[in-house]
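What follows is a short report on a single structure.
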Amino acid sequence: MNLEIRVEREAESLLVRNRKRVGRHVFTTPSDSEYRHQWLWDSCFHAIALRHFDPEMAEAELLSIVASQHRNGMVPHESKHTVFNIPVPYTSTVTQPPFIARAALDVYAISGNNVFLSQMFPSMHRYHQWLANKRELAGVINVVSPLESGEDNSLPWDSKVLFPLRKAYGFVAAHVPLMPNLTGLRSVTVTAIYADALSAMAEIAGILGDEGLAAHYIKKNKEVVEAMRREFRQEDGLFYHKDSDGSPVRHLTHAIFSPLFAGALSNEEVEQLVKEHLLNPGEFWTPYPIPTVAKSEPKFSPTAYWRGPTWVNMNWMHRRGLLRYGFRNEADQLLQKTTAAIGKNGFREYYNPLTGEGLGARNFGWSTLVIDMMKA
Ligand code: GLC
């Protein structure tokens, strides 16, 4: 059987197998062996893949996320729904990269279901207001815990400030109500995702006929993209995260490509970035790209969590960024190598960028995003 067709069939059956129902929640677990609850960005990615097989289930997955929204508008990064099989509405105190609006718009692009969009919109609007009030710092997103970045073991958290207590404290505070979050990272990737979400919100408001909010989100998107350039771009033209003390964290990570997803670069800047860094075999063009950390970084590890391995969700995002700027050939090579790693090793949590070996959890939900990559 042709590789693409096999991967597509396996993706569909994985998404059905990982499905769970708890009370009013219907969702997909990231992996039934290791992650049995619901996670925010995982569910967004599941919905984006699921829309190709079962748009109604994709809608249910997103409605389930917003059903866990806190009263103040925050959408928690993790919702347990059960503890020791007893239904308990336990949710965490931090959020995760805000992919909800993009996922809702993508699902709508297939279903054309305005009722679903109007069910989602009020919660999504409150969530984006909360993000603007509680997470924007100097116009960009300041994540307050490693868990909130989604890349909880990534190099930028190894900063001089409070290291190594910083990661440990962040983990605990994310799960214990009323513990203050003492750390922070102005994240290029999360800000790029936020900027994209604002433009998705503008489009959704327009579809629902709310011209006032559509204009608000268009303006907000423009402001965030400008802030990204102002805050993150350094003399070498690359965008680096900023630490809690405001200093750039100069590790070469896949985050340097995140501005493409937000449309924050000029065509010439993208051309240079692709040529010098993406297609550079000594940095990011490894046999199974894109490593989360450049091969040239002293701390690069091909197997350590978020410290080198290739993740399908990030490849999905960077492929969209490349396509936005017309880099079809590079985007297709990325797809082909991602499909090859999955074809050989199944849907794993992450992959060794040098050998393609599958690592971490098995039957991992968001790696089915490769299906969405195939369709665009
Ligand atoms: C890990 C990942 C996080 C993901 C979660 C569930 O904590 O770092 O990004 O959401 O697992 O898959």
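The values are calculated or read from the model by the stated rules, or taken from the named source; none is laboratory data. Note that this is a predicted model, so its numbers are computed, not measured. Using ideal geometry, Cβ is built from the backbone for each residue, glycine included, and neighbour counts are taken over all protein chains shown.
Against the definition (of a type in the set (Val, Ile, Thr) and under 13 Å from Tyr351 (Cβ atoms)), how does Thr253 come out, yes or no? Write out each step before concluding.
On the way: of a type in the set (Val, Ile, Thr): yes; under 13 Å from Tyr351 (Cβ atoms): no.
Spelling it out, it is not the case that Thr253 is of a type in the set (Val, Ile, Thr) and under 13 Å from Tyr351 (Cβ atoms).
Take the residues in segment 337-356 that are among the hydroxyl-bearing types (Ser, Thr, Tyr) and more than 16 Å from the ligand (Cβ to nearest atom), then tell me which one is farthest from Cys44 (Cα to Cα).
Looking at residues that are among the hydroxyl-bearing types (Ser, Thr, Tyr) and more than 16 Å from the ligand (Cβ to nearest atom), I get Thr355.
Listed here are the residues, each with its yes/no results for (1) assigned to a loop (DSSP other than H, G, I, E, B); (2) among the aliphatic types (A, V, I, L, M); (3) surrounded by 22 or more Cβ atoms within 10 Å (Cβ to Cβ).
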residue: Ile5; (1), (2), (3): no, yes, no
residue: Glu8; (1), (2), (3): no, no, no
residue: Ala58; (1), (2), (3): no, yes, yes
residue: Asn72; (1), (2), (3): yes, no, no
residue: Pro76; (1), (2), (3): yes, no, no
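Residues that are at pLDDT 95 or above, over 23 Å from Tyr350 (Cβ atoms) and within 16 Å of the ligand (Cβ to nearest atom): does segment 41-51 have at least one? Outline the logic, then answer.
Taking segment 41-51 first, the residues at pLDDT 95 or above are 41-51.
Next, from what is left, pick out any that are over 23 Å from Tyr350 (Cβ atoms): 51.
This time we only want the ones that are within 16 Å of the ligand (Cβ to nearest atom), so: none.
No, segment 41-51 contains no residue that is at pLDDT 95 or above, over 23 Å from Tyr350 (Cβ atoms) and within 16 Å of the ligand (Cβ to nearest atom).
For segment 48-68, check the following and say yes or no: at least one residue is more than 27 Å from Ala109 (Cα to Cα) and under 22 Å from the mean Cα position of the chain (by Cα). Steps first, answer last, please.
Taking segment 48-68 and keeping what is more than 27 Å from Ala109 (Cα to Cα), we get none.
Checking segment 48-68: not a single residue is more than 27 Å from Ala109 (Cα to Cα) and under 22 Å from the mean Cα position of the chain (by Cα).
Which one of these is more than 21 Å from Leu105 (Cβ to Cβ), among the aliphatic types (A, V, I, L, M) and surrounded by fewer than 22 Cβ atoms within 10 Å (Cβ to Cβ): Leu238, Leu208?
Values: Leu208 fails: more than 21 Å from Leu105 (Cβ to Cβ).
None of the other options fit; the residue is Leu238.
Residues that are touching a Gly at 6+ places or on another chain (Cβ under 9 Å), at least 3 per element: which helices (runs of 4 or more DSSP H) completely within segment 291-376 meet that? Spell out how you get there, then give the answer.
Details: elements: 312-324, 328-345, 369-375.
Where helices (runs of 4 or more DSSP H) fall fully within segment 291-376 and carry at least 3 residues being touching a Gly at 6+ places or on another chain (Cβ under 9 Å), they are 312-324, 328-345.
Out of Pro248, Pro259, Pro309, which single residue is under 16 Å from Pro156 (Cα atoms) and either out of contact with any Pro (no Cβ under 9 Å at 6 or more places or on another chain) or of a type in the set (Ser, Thr, Tyr) (or both)?
Numbers: Pro259 fails: under 16 Å from Pro156 (Cα atoms); Pro309 fails: either out of contact with any Pro (no Cβ under 9 Å at 6 or more places or on another chain) or of a type in the set (Ser, Thr, Tyr) (or both).
On inspection, the qualifying residue turns out to be Pro248.
Of the conditions (1) on the phi < 0 side of the Ramachandran plot; (2) in a loop (DSSP other than H, G, I, E, B); (3) away from the ligand (no atom under 14 Å from the Cβ); (4) at pLDDT 95 or above, Leu63 satisfies every one except a single condition; which number is it?
Result: Leu63 fails condition (2) only.
For the condition of a type in the set (A, V, I, L, M) and either within 15 Å of the ligand (Cβ to nearest atom) or over 30 Å from Val16 (Cα atoms) (or both), what is the one hit in Leu359, Leu334, Leu323?
Sole residue among the options that is of a type in the set (A, V, I, L, M) and either within 15 Å of the ligand (Cβ to nearest atom) or over 30 Å from Val16 (Cα atoms) (or both): Leu359.
Among the candidates Thr82, Thr93, single out the residue that is at pLDDT below 95 and under 30 Å from Gly246 (Cβ atoms).
The conditions single out Thr93.
Would you point out the residue of segment 125-172, among those that are of a type in the set (A, V, I, L, M, F, W, C), away from the ligand (no atom under 15 Å from the Cβ) and assigned to a helix (DSSP H, G or I), that is surrounded by the most Cβ atoms within 10 Å (Cβ to Cβ)? Steps first, answer last, please.
As a first pass, look at segment 125-172 and keep what is of a type in the set (A, V, I, L, M, F, W, C): 130-132, 137-138, 140-141, 143-144, 147, 155, 157, 161-163, 165, 168, 171-172.
Narrowing further to those that are away from the ligand (no atom under 15 Å from the Cβ): 130-132, 137-138, 140-141, 144, 161-163, 165.
Of the ones still in play, those that are also assigned to a helix (DSSP H, G or I) are 130-132, 165.
Working: Trp130: 18, Leu131: 20, Ala132: 17, Leu165: 11.
Across segment 125-172, the extreme among qualifying residues is Leu131.
For Trp316, only one of the following conditions fails: (1) under 25 Å from Ala197 (Cβ atoms); (2) in contact with a helix residue (DSSP H, G or I) (Cβ under 8 Å, 6 or more places away or on another chain); (3) away from the ligand (no atom under 16 Å from the Cβ); (4) at pLDDT 95 or above. What is its number?
Going through the list (1) under 25 Å from Ala197 (Cβ atoms); (2) in contact with a helix residue (DSSP H, G or I) (Cβ under 8 Å, 6 or more places away or on another chain); (3) away from the ligand (no atom under 16 Å from the Cβ); (4) at pLDDT 95 or above, Trp316 breaks only (3).
Which number in (1) modelled with pLDDT under 95; (2) under 15 Å from the mean Cα position of the chain (by Cα) marks the one condition that Val88 misses?
(2)
Out of segment 301-313, which residues are crowded, with 23+ Cβ neighbours inside 10 Å and more than 16 Å from the ligand (Cβ to nearest atom)?
none
Which ones in segment 82-109 are of a type outside the set (Val, Ile, Thr), touching a residue at least 60 places away in the same chain (Cβ under 8 Å) and farther than 12 Å from Ala200 by Cα?
Pro87, Ser92, Pro97
Filter segment 1-49 down to the residues that are in contact with a helix residue (DSSP H, G or I) (Cβ under 9 Å, 6 or more places away or on another chain), free of Cβ contacts under 8 Å to residues at least 40 places away in the same chain and aliphatic (A, V, I, L, M), then identify the one that is farthest from Gln96 (Cα to Cα).
Among those residues, the one meeting the criterion is Met1.
Quick check, is Asn153 under 17 Å from Tyr305 (Cβ atoms) and either within 16 Å of the chain's Cα centre (by Cα) or at pLDDT 95 or above (or both)?
yes
What about Val26, is it over 30 Å from Gly184 (Cβ atoms) and part of a strand (DSSP E or B)?
yes
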